[in-house]
1. Can you tell me the FRET efficiency between VAL10 and ASP115 if r is taken as the Cβ-Cβ distance and R0 is 30 Å, rounded to the nearest 0.05?
2. Suppose each label sits 7 Å from its Cα in the direction of the beta carbon; what would the ASN96-GLU50 distance come out to in nanometres?
3. Please report the equivalent ellipsoid semi-axes of region 123-269, computed as sqrt(5 x eigenvalue) of the Cα gyration tensor, largest first, in whole Å.
4. Report the Stokes-Einstein translational diffusion coefficient (µm² s⁻¹, integer) for region 26-118, Rh taken as the Kirkwood radius over Cα pairs, at 4 °C with viscosity 1.567 mPa s.
5. So for the chain, what are the equivalent ellipsoid semi-axes in whole Å, largest first, each being the square root of 5 times an eigenvalue of the Cα gyration tensor?
6. Reported to two decimal places, what Rg/Rh ratio describes region 124-173 when computed on Cα atoms with Rh from the Kirkwood expression?
7. Calculated FRET efficiency, LYS264 and ASP167, Cβ-Cβ r, R0 25 Å, to nearest 0.05?
8. Relative to the present Cα-Cα distance, how much length would full extension add between PHE22 and SER252 at 0.36 nm per residue of separation?
Amino acid sequence: MSYDSEDANVDVVKIMGTLGSFPDPHAFYGTVTINDDPAPVGTQVEARGEGVITRIEGNPVVTTEVGQYGSADPLGAKMIVWGDIPDGTTLTFYVNEVSTGQTLPWHSGDVTQLDLAVTMPIEVFNDSFEDCSLVNWVQDTQEDWFCSEQRVVEGTYSAEVDGRATDATLTLKDAINLSIMSEATLTFSWFIESGLDSGEYLALDLWNGTAWVEAARLSGNIDQENVWHNEEIDLGAYLISDFKLRFRGYMSYSSEDANVDVVKIMGTLQP
Ligand SMILES: [Ca+2]
Ligand SMILES: [Ca+2]
Ligand SMILES: [Ca+2]
């Protein structure tokens with residue numbers, strides 16, 4: 001169409017089909033645990049594999065009972081794994097879209113009890129600075145960090161370092177035990193104002209048990225200024241019992257500020 005006033009619409013697109021004559025399905029039921037706890041009602045359980053049709057009734061299933069998917073009752077509902085599936089095809093089982101690592105061969109017509117267990121990342125730390133007291137943090141004697149409403153990624157407040165600051169630090173008050181984790185990830189958002197000059201920065205340091213290691217930096221006149229940057233840092237090298245992190249700002253004038261918001265650590269407990 002050639003003019004702005006000329007529109008076209010599409011609504012209610014539907015594809016109906018007949019699902020061929022597939023072999024009888026393989027049905028499953030059993031317990032389901034997440035991080036060793038019975039999975040809550042509403043947990044999704046799914047089997048995937050070559051030829052398996054998913055997003056149909058019976059696969060995935062959503063639990064209606066704590067810690068249980070499907071029913072042992074011969075007449076009860078089950079997870080139904082169906083499709084154009086060659087006998088013996090390996091099925092892999094997922095809980096809330098995360099692989100359990102558990103597999104079984106598909107056999108037409110079988111009913112199998114399979115207890116599923118999955119390990120999911122848990123929230124280890126989360127601070128969006130909404131308490132407005134920097135309660136989870138300590139500062140060096142410059143005390144240049146404060147709770148700010150000037151800009152945020154989430155909520156009403158972020159942490160702001162107010163120039164002039166000479167490596168002014170905002171350090172996690174309580175160490176976090178990451179030694180019980182098999183993996184962990186730190187995410188946060190940060191921001192430097194355009195006033196920051198060359199050589200000025202906001203940096204992230206990680207404590208490795210012996211020393212602070214600079215892991216990331218936003219540099220004035222180098223990194224994009226006046227925008228939030230979302231960072232994701234793999235903490236695989238920091239799975240120690242006394243992990244800490246700190247933000248560190250360096251800027252020469254009182255009009256030069258930088259911010260941090262939504263500092264979060266997710267970790268997966270060791271099996
Ligand atoms: Ca916030
Ligand atoms: Ca600048
Ligand atoms: Ca400056």
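1. That gives a FRET efficiency of 0.10.
2. 3.2
3. Numbers: eigenvalues 121, 49, 41 Å².
So the equivalent ellipsoid measures 25, 16, 14 Å along its semi-axes.
4. 101
5. After diagonalising the Cα gyration tensor, the semi-axes are 50, 27, 15 Å.
6. Numbers: Rg = 10.8 Å, Rh = 11.3 Å.
Computed over Cα atoms, the ratio is 0.96.
7. On the way: r = 24 Å, r/R0 = 0.97.
E between LYS264 and ASP167, to the nearest 0.05, is 0.55.
8. 75.6 nm
Laboratory data are not the source of any read-out in this text; all were calculated from the coordinates shown. Being a predicted model, the structure only gives us computed values, none of them experimental. Please note: Cβ atoms are built from the backbone with ideal geometry, for glycine as well, and neighbour counts cover all protein chains shown.
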